[in-house]
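Participant: What follows is a structure written as structure tokens; I'll ask about it next.
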């Protein structure tokens, strides 16, 4: 089977299978009642609604799903999971899809979110806690977006909300160990 | 009649909410002939009925007018009340001040009250001119006819036979069982129908109370409830059943070949044939394909038959049977796929029953799924639902009810036969309302990996080895193309061929599609408007096996309750002829839907067969001279009613 509108999207039954396996939730039960999308607080910003993502996974539209903004915009609030009448754990599906997108190097429409997450974790791994100013500067460099929120940043700095120098925590060794342990699972 | 009692019911607030019942009683109290008038909250309740009884007794009433709901609801209740106090039940009349008055004038209290008074006065005028009537006693033949030997007819016949009454079962094909024997499995339990239906067929065959006519048709029916005469046409099988020992030599030698109906054309049969698992085991020669009957000298079967059972000279035989009740179970046919040319005339585009045959162990492929064109195992199968059904263009706007489920079942059975294959189902909605069915569809998608695509198919066409299917998945809003090996169309269920003609012979009505019409869609679902004739199964409407069997058992229980009576009472509000006035013009004869009127040839006047007349009034309305009258619904009564009712408004 293939989709013939816009461009040809070959369906990939293996993709469908893999998501079902990773998410370990009965997503074939979905009967498209749209409760998830109607409950979703960030649905307005998504390119595909959560119910559409489920449908696309069922059909095996790998590329479209993994490059969608939805999987990154999902705030993991779990409202959809709580409300789904068919007990589909949409959150686990989204988690699985994010993992796959990262693992397979699919660049989504929301690359900045991935970059932010990575920069944040980098900071935590190094210091055991967040060093906001450092992370901000690094993110600015990485995304090459130097001026957004600049004034706000300066105000925060002047009010002492952003510390100039990083601080360490006592258990930074243990934090590092956590990172070591989870490495490679992504 | 000058001591009439009027009883006005509140029906809670149904009537009292818009009709001022107190004022109605005031207005009626002094109307000429009225001796008593009162109101009560629920006349139909026990205390309400007691009220009426007491008034009849104490005031010596000679007629009562019940002002309440429709006579369909409680006419019988109050007639029984009247009878219990020694009044003739036909001296009880109902003025419908609910459906005809309080409901349509819900917010117009003045109008409703005035109209209620007018309706009651008109009813009093009718009652004044009523005759005292007694129901007629008609004889009752405690024997039933069942038309159709499918699962519905079999079940109905068995139920009646078990009740201890004789049954005549007429089946037009050589074998019993109908479409149910063609199925590969049932939803949602996946039983194999041969095992499901074979015991029923065997029991019918051997039951001492069932007289079987297979390969026969109902030719003519006359009579009325309790006393039908049925003429049955026994079609010639050209084989003497007494002599034939089913050795099968004729089957081997017969040179004439034609498509087998039983496999819906997916296999071939000889001109002499028997379907697999036929009950009874009787061979038949089909004169349409037999060479002998088509100008050829062939007598191959006759020559090889060791028992000399072949008889080319056999002719149609007619038998008459007397029965008291009839159950019509003529079943369904599939809407032909040739009517849906958008889905390509291709050997690999088949209908639902054909796929049942492919899946069935008794089918042309012994249960292996093979495509008809080249015998290959289909790796991608597309099922298309609602072919014809729910389609105004095809003249089948109704839902065929079973296709969603049988398609799901077929897809599951296909996946079990070909585990690496892929099944796609195009659907508009999934209607899985029967017990266990929603869960079955869920399992089909979840466990058997059937891919449901919500949308219609726009085009099906052959491209080399494959059949291309263009469709749309409306859930993603994308069009798609599938290269399929086999396409299965879930075509609509339509009444079986000849059902309309059977209905005409039986004098029962069918709807615009040809499905038989029940007496009341809610309250009398297995009766027809002709007393003594009942309907069962898919002749009435598309339904699945359990629904079919319930409706068959329902109609059988109606027959049994009819037969359990000692005698049959017939409603006496029927037509009668004023022979002084009748000129014998005969206008009333063809208008009578029940064939109850004939012209007395000697005296040249119309004669009503009182047991057959259903009291519809068509003859009385047609009669140019007013000689034909409807008892207790005479023209005189109606004119008086109109005068009084309209008098209030001039």
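No lab work stands behind these numbers, since they all come straight from the coordinates. Predicted model only: the values in this text are computed from it and were never measured. Don't worry about glycine lacking a Cβ; one is built from the backbone with ideal geometry, like all the others, and counts go over all protein chains shown.
Participant: Using only the Cα atoms, what convex hull volume per residue in Å³ does the stretch B:5-45 have?
Facilitator: Numbers: hull volume 2.2 nm³, N = 41.
For the stretch B:5-45, the hull spanned by Cα atoms encloses 54 Å³ per residue.
Participant: Now for a different question. Would you mind calculating the gained length between residue B:282 and residue B:110 on full extension (0.36 nm times residue separation, minus the Cα-Cα distance), in nm to one decimal?
Facilitator: So the extension gain works out to 54.5 nm.
Participant: Now, a different point. List, largest first, the extents of the alpha carbons of the stretch B:268-400 along their principal axes, each in whole Å.
Facilitator: Extents along the principal axes: 51, 48, 30 Å.
Participant: Now a separate question. For a distance above 16 Å, tell me the whole-number percent of Cα pairs in the stretch B:1-110 that qualify.
Facilitator: On the way: 3235 of 5995 pairs.
Counting every Cα pair in the stretch B:1-110, those more than 16 Å apart make up 54 percent.
Participant: Further question on the same structure: Run through all the Cα pairs of the protein assembly as shown and give the fraction in each 10 Å bin from 0, expressed as whole percent.
Facilitator: Spelled out per bin, shortest first, that is 2, 10, 14, 15, 14, 13, 12, 9, 5, 3, 2, 0, 0.
Participant: For chain B, state what percent of all Cα-Cα pairs lands in each successive 20 Å bin, counting from 0 Å until the bin that includes the largest distance.
Facilitator: 16, 37, 31, 15, 1
Participant: Let me ask something additional. Using only Cα atoms and rounding to the nearest 10 degrees, what angle (0 to 90) does helix A:132-143 make with the longest principal axis of chain A?
Facilitator: For A:132-143 against chain A, the angle is about 50 degrees.
Participant: Which three lengths, in whole Å and largest first, does the stretch B:249-304 cover when its Cα atoms are put on their principal axes?
Facilitator: That gives 30, 21, 16 Å along the principal axes, largest extent first.
Participant: Over all directions, the average projected area of the alpha-carbon convex hull for the stretch A:2-103 comes to how many nm²? Working shown, then result.
Facilitator: Values: hull surface 24.3 nm².
About 6.1 nm², averaged over all directions.
Participant: To the nearest whole number, what is the average tally of beta carbon atoms from other chains within 10 Å of the beta carbons of peptide A:56-62? Walk me through the numbers before you get to the answer.
Facilitator: Values: counts 4, 0, 7, 7, 1, 2, 0.
Neighbouring Cβ atoms belonging to other protein chains average 3 per residue here.
Participant: Counting each pair of different Cα atoms once, what's the Kirkwood radius of the stretch B:240-337 in Å, rounded to one decimal?
Facilitator: Values: mean 1/r = 0.0636 Å⁻¹.
By the Kirkwood definition, the hydrodynamic radius is 15.7 Å.
Participant: Moving on to the next point. In degrees from 0 to 90, rounded to the nearest 10, what is the angle of the helix B:635-647 Cα long axis to the longest principal axis of chain B?
Facilitator: That helix lies at roughly 70 degrees to the long axis.
Participant: Need one value for B:481-489: mean number of C-beta atoms belonging to other chains within 10 Å of its residues' C-beta atoms.
Facilitator: Numbers: counts 5, 3, 2, 1, 0, 0, 0, 0, 0.
Going residue by residue through B:481-489 and averaging, the value is 1.
Participant: Turning to a different aspect of this structure: Which log10 I(q)/I(0) values, to two decimals, does the stretch A:51-186 give at q = 0.09, 0.13, 0.16, 0.22 Å⁻¹ under the Debye formula with one point per Cα?
Facilitator: -0.38, -0.75, -1.00, -1.26
Participant: Which of the three applies to the stretch A:111-179, rounded, prolate or oblate, going by the alpha-carbon gyration tensor with a ≥ b ≥ c and a/c under 1.5 meaning rounded? Please list the in-between numbers first.
Facilitator: Numbers: a/c = 3.45, a/b = 1.38, b/c = 2.50.
Taking the square roots of the gyration eigenvalues as a ≥ b ≥ c, the stretch A:111-179 is oblate.
Participant: Using only the alpha carbons, work out the radius of gyration and Dmax of the stretch B:118-267 in angstrom.
Facilitator: 23.4, 82
Participant: Convert 20 °C to kelvin, take the viscosity as 1.002 mPa s, use the Kirkwood radius over C-alpha pairs of the stretch B:329-433 as Rh, and evaluate the Stokes-Einstein diffusion coefficient in µm²/s, rounded to a whole number.
Facilitator: Numbers: Rh = 14.7 Å.
Diffusion coefficient, whole number: 146 µm²/s.
Participant: I'd like the antiparallel share, as a percent to the nearest 5, of DSSP beta bridges with both residues in chain B. Show your work: numbers first, answer last.
Facilitator: Working: 51 of 101 bridges.
Here the antiparallel bridges make up roughly 50 percent for chain B.
Participant: Still on this model: Using a 7 Å offset from Cα along Cα-Cβ at residue B:219, what residues in the stretch B:315-332 end up with backbone N under 13 Å from the label point?
Facilitator: B:315-321
Participant: Using a 10 Å cut-off around each Cβ, can you sort B:210, A:154, B:591, B:535 from fewest to most neighbouring Cβ atoms? Intermediate values should be presented prior to the final figure.
Facilitator: On the way: B:210 20, A:154 11, B:591 16, B:535 33.
Least to most surrounded, the residues fall as A:154, B:591, B:210, B:535.
Participant: Show that you can apply the helix-only estimate: for chain A, add -39,500 (n - 2.57) for every DSSP H stretch of four or more residues, divide by all residues, and state [θ] at 222 nm to the nearest 500.
Facilitator: Numbers: 11 runs with 103 residues, N = 186.
Per the formula, -16000 deg cm²/dmol.
Participant: With contacts defined as alpha carbon pairs under 8 Å and 6 or more residues apart, what's the relative contact order of chain B in percent? Kindly include the intermediate steps, with their values, before the conclusion.
Facilitator: Numbers: 1379 pairs, mean separation 84.5, N = 650.
Worked out over chain B, it gives 13 percent.
Participant: Now for a different question. Using the alpha-carbon atoms, what tilt in degrees (0 to 90, nearest 10) does helix B:545-563 show relative to the longest principal axis of chain B?
Facilitator: 40 degrees
Participant: Quote the Stokes-Einstein diffusion coefficient, in whole µm² s⁻¹, for the stretch B:528-635, based on the Kirkwood radius over alpha carbon pairs, a temperature of 4 °C and a viscosity of 1.567 mPa s. Numbers along the way, then the final one.
Facilitator: On the way: Rh = 16.1 Å.
Value of D from the Cα-based Kirkwood radius: 81 µm²/s.
Participant: Another question, then. Under 4 °C and 1.567 mPa s, how fast does the stretch B:318-388 diffuse according to Stokes-Einstein, given a Kirkwood radius computed over C-alpha pairs? Answer in µm²/s, whole number. Intermediate values should be presented prior to the final figure.
Facilitator: Numbers: Rh = 15.2 Å.
Stokes-Einstein gives a translational diffusion coefficient of 85 µm²/s.
Participant: Still on this structure, I have one more. Ratio to report: Rg/Rh of the stretch B:46-149, with Cα atoms as the point set and Rh obtained by the Kirkwood method; give two decimals. Don't jump to the answer; show the numbers that get you there.
Facilitator: Details: Rg = 17.9 Å, Rh = 15.8 Å.
Rg/Rh: 1.13.
Participant: Also, I was wondering about something else. Assuming R0 = 30 Å, can you tell me the calculated FRET efficiency for the pair residue A:99 and residue A:32, based on Cβ-Cβ distance, to the nearest 0.05? Show your work: numbers first, answer last.
Facilitator: Working: r = 25 Å, r/R0 = 0.83.
Between residue A:99 and residue A:32 the formula returns 0.75.
Participant: Report Rg/Rh for the stretch B:586-638, rounded to two decimals, where Rg is the Cα radius of gyration and Rh the Kirkwood radius. Intermediate results must be reported in sequence, preceding the final value.
Facilitator: Working: Rg = 10.6 Å, Rh = 11.3 Å.
Ratio of gyration radius to Kirkwood radius for the stretch B:586-638: 0.94.
Participant: Further, regarding this structure: Suppose R0 equals 30 Å; then what is the FRET efficiency for residue B:392 and residue A:44 from their Cβ-Cβ distance, rounded to the nearest 0.05?
Facilitator: Values: r = 39 Å, r/R0 = 1.29.
About 0.20, to the nearest 0.05.
Participant: Give the shape of the stretch B:550-607 as rounded, prolate or oblate, defined through the alpha-carbon gyration tensor: a ≥ b ≥ c are the square roots of its eigenvalues, a/c under 1.5 means rounded, and otherwise the shape is prolate if a/b is larger than b/c and oblate if not. The partial results should precede the final answer.
Facilitator: Details: a/c = 3.96, a/b = 2.60, b/c = 1.53.
Prolate.
Participant: Say each of residue B:206 and residue B:593 gets a label point 7 Å from the Cα, pointing the same way as Cα to Cβ; how far apart are those two points in nm?
Facilitator: My value for the distance between the label points is 4.5 nm.
Participant: Let me know the mean shielding of B:471-478 by other chains, meaning the per-residue number of their Cβ atoms within 10 Å of its Cβ. Can you show the working numbers first?
Facilitator: Numbers: counts 1, 3, 6, 1, 9, 11, 3, 9.
The shielding value for this peptide is 5.
Participant: Same structure, new question: Restricting to the stretch B:113-229, compute how many DSSP beta bridges are antiparallel as a %, nearest 5.
Facilitator: Values: 3 of 13 bridges.
Taking every DSSP beta bridge within the stretch B:113-229, about 25 percent pair in antiparallel fashion.
Participant: Per residue of chain B, what 222 nm ellipticity follows from adding -39500 (n - 2.57) for every DSSP H run with n ≥ 4, rounded to the nearest 500? Show your work: numbers first, answer last.
Facilitator: On the way: 16 runs with 175 residues, N = 650.
Using -39500 (n - 2.57) per qualifying helix, the result is -8000 deg cm²/dmol.
Participant: Moving on. Calculate how many DSSP beta bridges within the protein assembly as shown are antiparallel, expressed in % of all such bridges and rounded to the nearest 5. List each step's numbers first, then the result.
Facilitator: Values: 55 of 105 bridges.
Restricted to the protein assembly as shown, the bridges split so that about 50 percent are antiparallel.
Participant: Multiplying the sequence separation of residue B:103 and residue B:566 by 0.36 nm and subtracting their Cα-Cα distance, what value in nm do you get? Could the numbers behind the result be given before it?
Facilitator: Working: separation 463, 0.36 × 463 = 166.68 nm, distance 4.16 nm.
The residue B:103-residue B:566 span can extend by a further 162.5 nm.
Participant: Using R₀ = 56 Å, calculate the FRET efficiency as 1/(1 + (r/R₀)^6) where r is the Cβ-Cβ separation of residue A:107 and residue B:368; round to 0.05. The partial results should precede the final answer.
Facilitator: Numbers: r = 48 Å, r/R0 = 0.86.
Calculated value: 0.70.
Participant: Along Cα→Cβ, 7 Å out, is where each label goes; now give me the distance between the ones at residue A:154 and residue B:1 in nm to one decimal.
Facilitator: The modelled label-to-label distance comes out at 10.3 nm.
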